[in-house]
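Heads up, the thing below is written out as structure tokens.
The values are calculated or read from the model by the stated rules, or taken from the named source; none is laboratory data. Note that the coordinates shown come from a computational prediction; the quantities given were computed from them, not determined experimentally. We place every Cβ from the backbone using ideal geometry, glycine too, and count neighbours over all the protein chains shown.
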Amino acid sequence: MITRVRSELTRYLRTETVGGTILLIAAGVALLWANSPWSHGYLAMTEFTLPVPPLHLDLTLGDWTRDGLLAIFFFVAGLELKRELVVGELADFRRALLPIIAATAGVITPALIAFTVGFGVPGMDRGWAVPVATDIAFALGVLALTGSRIPASARVFLLSLAVVDDLIAILLIAVLFTSAISLLWLLAAAACFAGWALLQHRRINTPVVYLPLALIAWYALHEAGIHPTMAGVALGLLTRVRPDEGERESPATRWEHSLQPLSAGLCVPLFALFASGVPLDGKVVGELFTDRLALAIMLGLLLGKIIGIFGISWLAIRLGVAKRPVGLGNRDMFALSVLGAIGFTVSLLVAELALADVGDGSAAELAKAAVLVTSMAASLVGSALLLRRGRVHQSLRDADTQDDQGSAAETVQGQAVQGQGEGSTK
């Protein structure tokens, strides 16, 4: 019975809808806790240091969830993206090109809008980078929760777009906010990636070899000054997705089935719990719609993402440069572009890095509040649009089913009439 219960729990957690629900509940708890009379307890929890002295890692619990646990989520996302690139929706080059183009425009347009609106405001020389990133975990969570009835190609498009978006944002952090990148540690990470690819090529499947290699790659990127969650994406993309002859499933499929419950049920919700607790006092709320820094971030994140993602996607499809995802229309693409305006992890990180020294830290807190409010608005609007589109797609599927049933009934009836006619003739 215990085995059966555990199996059911694992299957339950594998469903994306449940993962999205847990994620949003954790985010809501964090937001309420951080703005309650017990907010000091939340701050103490997030700032509690859990060091690893032998490795010189002096990270808080918040850092461990953002840099450590989220790497597992990125690994699962990398596995899914690799599968789609090799044997799925993105195997078509022009379909694979669309999320890359959309992600690039979804970075450039918010940056231009934020820089224009906030031109001359203290901190905007680097604060323009705050609204460039889409939070892959939250965006996919909202899509799983409210967009389950739209075609699966929507998830593939949003996943691909968000991964490329985050890669660009991480590169911006490395260029703008990293004083020095350690070339030696970067080479060590590259060696780990090469070793992973070689082991996959040699068809070595034991986890005893891969787990230490993944940990070393994560640590090497951390010491190199690059966001270590990128190790998860890189290793996922280097994993084999085609099963060999006689092999029941590929390593990518096997690892995704094993790690997806852990990612959906623990890693991502814990990340949401530690990342979403942004204080929203009366002073901050009052400045959100009057301060040019906050307006620049909100307009850049909301309008910039929608214009950049939807506008360039529509243009690329219209010009024949890229193909539209299977089963999606313009309204579906617009709803997904609204989800692109959900920015948590990287946007909050950039706000801390870019504005920590502006106004004794008050600018950074205002920027975080702007990111949070905009992300909440994008979540609500995007959810409403997805629910509407889901009903439309369900109606179309129901109509197709009725047509198929009607055609089958007519065929059977016609055969029956034909049989009766032949009997009469005989």
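Assess whether residue 112 counts as being crowded, with 19+ Cβ neighbours inside 10 Å and assigned to a helix (DSSP H, G or I). Outline the logic, then answer.
Values: crowded, with 19+ Cβ neighbours inside 10 Å: no; assigned to a helix (DSSP H, G or I): yes.
It is false that residue 112 is crowded, with 19+ Cβ neighbours inside 10 Å and assigned to a helix (DSSP H, G or I).
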Whether any residue in segment 376-387 is farther than 21 Å from residue 136 by Cα, touching a residue at least 24 places away in the same chain (Cβ under 8 Å) and among the aliphatic types (A, V, I, L, M) is what I want to check. no
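For segment 175-182, indicate whether the set of residues that are among the aliphatic types (A, V, I, L, M), surrounded by fewer than 20 Cβ atoms within 10 Å (Cβ to Cβ), under 14 Å from the mean Cα position of the chain (by Cα) and at pLDDT below 90 is non-empty.
Taking segment 175-182 as the starting set, the residues that turn out to be among the aliphatic types (A, V, I, L, M) are 175-176, 180-181.
Those still in the list that are surrounded by fewer than 20 Cβ atoms within 10 Å (Cβ to Cβ) too: 175-176, 180-181.
With under 14 Å from the mean Cα position of the chain (by Cα) added as a condition, the list becomes none.
Among the residues of segment 175-182, not one is among the aliphatic types (A, V, I, L, M), surrounded by fewer than 20 Cβ atoms within 10 Å (Cβ to Cβ), under 14 Å from the mean Cα position of the chain (by Cα) and at pLDDT below 90, which makes the answer no.
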Going residue by residue through segment 131-142, is there one that turns out to be farther than 20 Å from residue 370 by Cα, of a type outside the set (Ser, Thr, Tyr) and modelled with pLDDT under 90? yes
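What number of residues within segment 289-323 are of a type in the set (D, E, K, R), within 26 Å of residue 121 (Cβ to Cβ) and free of Cβ contacts under 8 Å to residues at least 60 places away in the same chain? First the steps, then the outcome.
Kept after step one, since they are of a type in the set (D, E, K, R), are these residues of segment 289-323: 291-292, 305, 318, 323.
Those still in the list that are within 26 Å of residue 121 (Cβ to Cβ) too: 291-292, 305.
With free of Cβ contacts under 8 Å to residues at least 60 places away in the same chain added as a condition, the list becomes none.
Looking only at that region, the number is 0.
Residues in segment 115-128 that are within 15 Å of residue 353 (Cβ to Cβ) and not in a loop (DSSP other than H, G, I, E, B): how many?
Total meeting the criteria: 4.
Of all residues in segment 324-349, count the ones that are of a type in the set (Asp, Glu) and more than 15 Å from residue 139 (Cα to Cα).
As a first pass, look at segment 324-349 and keep what is of a type in the set (Asp, Glu): 332.
Pick out the ones that are also more than 15 Å from residue 139 (Cα to Cα) and you get none.
Here the count works out to 0.
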Would you please name the residue that is nearest to residue 337 (Cα to Cα), looking only at residues in segment 292-316 that are buried (at least 20 other Cβ atoms within 10 Å of the Cβ) and more than 23 Å from the chain's Cα centre (by Cα)? 296
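Any residue that is aliphatic (A, V, I, L, M), over 25 Å from residue 387 (Cβ atoms) and touching a Ser or Thr at 6+ places or on another chain (Cβ under 7 Å) - is there at least one of those in segment 130-139?
So in segment 130-139, the residues aliphatic (A, V, I, L, M) come out as 130, 132-133, 136-137, 139.
With the extra rule that they be over 25 Å from residue 387 (Cβ atoms), the set shrinks to 130, 132-133.
Retained after the next criterion (residues that are touching a Ser or Thr at 6+ places or on another chain (Cβ under 7 Å)): 130, 133.
Checked against the condition, which is being aliphatic (A, V, I, L, M), over 25 Å from residue 387 (Cβ atoms) and touching a Ser or Thr at 6+ places or on another chain (Cβ under 7 Å), segment 130-139 yields at least one hit.
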From 372, 336, residue being hydrophobic (A, V, I, L, M, F, W, C), assigned to a helix (DSSP H, G or I), touching a residue at least 40 places away in the same chain (Cβ under 8 Å) and within 17 Å of residue 389 (Cβ to Cβ): 336
Lone unmet requirement of (1) of a type outside the set (A, V, I, L, M, F, W, C); (2) modelled with pLDDT of 95 or more; (3) crowded, with 19+ Cβ neighbours inside 10 Å for residue 232: (2)
Any residue that is under 25 Å from the mean Cα position of the chain (by Cα), surrounded by 20 or more Cβ atoms within 10 Å (Cβ to Cβ), aliphatic (A, V, I, L, M) and modelled with pLDDT under 95 - is there at least one of those in segment 188-199? no
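Only one residue in 284, 326 is touching a residue at least 12 places away in the same chain (Cβ under 8 Å), farther than 22 Å from residue 173 by Cβ, not in a helix (DSSP H, G or I) and not charged (D, E, K, R). Which one? Lay out the reasoning, then the answer.
Values: 284 fails: not in a helix (DSSP H, G or I).
The conditions single out 326.
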Sort through 171, 213 and tell me the only one that's farther than 25 Å from residue 19 by Cα, outside any loop (DSSP other than H, G, I, E, B) and out of contact with any Leu (no Cβ under 8 Å at 6 or more places or on another chain). 171
Only listed residue being of a type outside the set (D, E, K, R) and without any contact (Cβ under 8 Å) to a residue 60 or more places away in the chain, chosen from 193, 138, 177: 193
Residue 264 fails exactly one of (1) part of a helix (DSSP H, G or I); (2) surrounded by 22 or more Cβ atoms within 10 Å (Cβ to Cβ); (3) modelled with pLDDT of 90 or more, namely (3)
Being modelled with pLDDT of 90 or more and hydroxyl-bearing (Ser, Thr, Tyr) is the filter; apply it to segment 356-388 and report the residue that is surrounded by the fewest Cβ atoms within 10 Å (Cβ to Cβ). 383
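What do you reckon, is residue 243 modelled with pLDDT of 85 or more, closer than 23 Å to residue 138 by Cα and in a loop (DSSP other than H, G, I, E, B)?
Values: modelled with pLDDT of 85 or more: yes; closer than 23 Å to residue 138 by Cα: no; in a loop (DSSP other than H, G, I, E, B): yes.
Spelling it out, it is not the case that residue 243 is modelled with pLDDT of 85 or more, closer than 23 Å to residue 138 by Cα and in a loop (DSSP other than H, G, I, E, B).
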With respect to residue 353, is the statement that it is part of a helix (DSSP H, G or I) and modelled with pLDDT of 90 or more true? no
When you check residue 332 against the structure, is it more than 20 Å from the chain's Cα centre (by Cα) and farther than 18 Å from residue 27 by Cβ, yes or no? no
Among the candidates 56, 40, which residue alone is under 26 Å from residue 369 (Cβ atoms) and either touching a Ser or Thr at 6+ places or on another chain (Cβ under 7 Å) or not β-branched (Val, Ile, Thr) (or both)? 40
Exactly one condition in (1) among the polar types (S, T, N, Q); (2) within 15 Å of the chain's Cα centre (by Cα); (3) outside any loop (DSSP other than H, G, I, E, B) is not met by residue 134; state its number. (3)
